[in-house]
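A short worksheet on the structure shown next.
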Amino acid sequence: MIEALRKAYDGELSLTGKEIIQQLMDNAEIASLEKVPMCQDTGYAVVFVELGQDVHIEGGLLEDAINEGVRRGYTEGYLRKSIVGHPLERVNTGDNTPAVIHIKLVPGEQIKIIVAPKGGGSENMSAIKMLKPAEGVEGVRKFILDTVRAAGPNPCPPIIVGVGIGGTMEKAALIAKEALLRPAGMPNPRPEIAKLESEFLNDVNALGIGPQGLGGIYTALAVHVEIYPAHIASLPVAVNINCHASRHREAIL
């Protein structure tokens, strides 16, 4: 993210946008040096687990262990607790649990855990739409641009845009979020999708929203696209936006 911000700083023509990007880099440096969050919203703990099928877990449930880790991390780390136990009654759980946990079985005897705290401001600007197959690439492009345009300054641009195309409604949303786990600007390994990512990034930045919504070239630092097979009658598209505090860390056990 820092490298992406540096590149944006060098290329940004708006003096205001340039100053904002510099402030974001300064903020990240202070956060690193002082061991404090770079944003007051320390996010919903979203955890992706790749569980080797030869692994046997003893002593309790994996989900309970993950939630205990989140509980300790947010409490002992003095991170903001942002989770309410009931979406309508809105009573804070007090320890940022439960996490949202996605578990995928893979070959092997290891466990890979990726923790990706997701702030509410960017998550709120995400969207999904069930397009008609005939709408094709241009329909996908229009939906991405409509979503980013409607988001405006709310997700604290410059942003990373995760796009999931295909599958079912929930699969499109999941792969859009998984797309955000890539290092900023790392292209999709499929050349035709990498080409679309570059095109979509240019389209998004042509909107002129700019850093923090005050105008400029860099509304987004990257657009990451993931695809999945789809039903003959469906073209699901999900857009999951990440703010400049694009946080994720992984460990292999």
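Does the stretch 37-55 contain any residue that is loosely packed, with under 13 Cβ neighbours inside 10 Å, farther than 30 Å from residue 236 by Cβ, of a type outside the set (Phe, Trp, Tyr) and at pLDDT below 95? Step through it out loud before you land on a result.
Of all residues in the stretch 37-55, those loosely packed, with under 13 Cβ neighbours inside 10 Å come to 40, 53-54.
From what is left, the residues that are farther than 30 Å from residue 236 by Cβ are 40, 54.
From the residues that got through so far, the ones that are of a type outside the set (Phe, Trp, Tyr) too are 40, 54.
Subset that is at pLDDT below 95: 40.
Checking the stretch 37-55: at least one residue is loosely packed, with under 13 Cβ neighbours inside 10 Å, farther than 30 Å from residue 236 by Cβ, of a type outside the set (Phe, Trp, Tyr) and at pLDDT below 95.
If you check 170, 89, which single one turns out to be outside the structural domain of residue 217 (by TED's automatic domain parsing) and surrounded by fewer than 17 Cβ atoms within 10 Å (Cβ to Cβ)?
Values: 170 fails: outside the structural domain of residue 217 (by TED's automatic domain parsing).
Result: 89 is the single residue among 170, 89 that is outside the structural domain of residue 217 (by TED's automatic domain parsing) and surrounded by fewer than 17 Cβ atoms within 10 Å (Cβ to Cβ).
Would you confirm whether any residue within the stretch 95-103 is in contact with a Gly (Cβ under 7 Å, 6 or more places away or on another chain), farther than 30 Å from residue 210 by Cα, hydroxyl-bearing (Ser, Thr, Tyr) and not assigned by TED's automatic domain parsing to the domain that holds residue 158?
First pass over the stretch 95-103, keeping only residues in contact with a Gly (Cβ under 7 Å, 6 or more places away or on another chain): none.
Looking through the stretch 95-103, none of the residues is in contact with a Gly (Cβ under 7 Å, 6 or more places away or on another chain), farther than 30 Å from residue 210 by Cα, hydroxyl-bearing (Ser, Thr, Tyr) and not assigned by TED's automatic domain parsing to the domain that holds residue 158.
Which residues, counting only those in the stretch 48-89, are touching a helix residue (DSSP H, G or I) at 6+ places or on another chain (Cβ under 8 Å), hydrophobic (A, V, I, L, M, F, W, C) and farther than 30 Å from residue 107 by Cα?
Correct list: 79 only.
From the residues in the stretch 139-167 that are charged (D, E, K, R) and surrounded by fewer than 16 Cβ atoms within 10 Å (Cβ to Cβ), which one is farthest from the chain's Cα centre (by Cα)?
Kept after step one, since they are charged (D, E, K, R), are these residues of the stretch 139-167: 141-142, 146, 149.
Next cut, surrounded by fewer than 16 Cβ atoms within 10 Å (Cβ to Cβ) only: 142, 146, 149.
Values: 142: 20, 146: 18, 149: 17 Å.
Only one residue fits best here, namely 142.
The values are calculated or read from the model by the stated rules, or taken from the named source; none is laboratory data. Keep in mind it's a predicted model, so treat the numbers as computed, not measured. All Cβ positions, glycine included, derive from the backbone under ideal geometry; neighbour counts span all protein chains shown.
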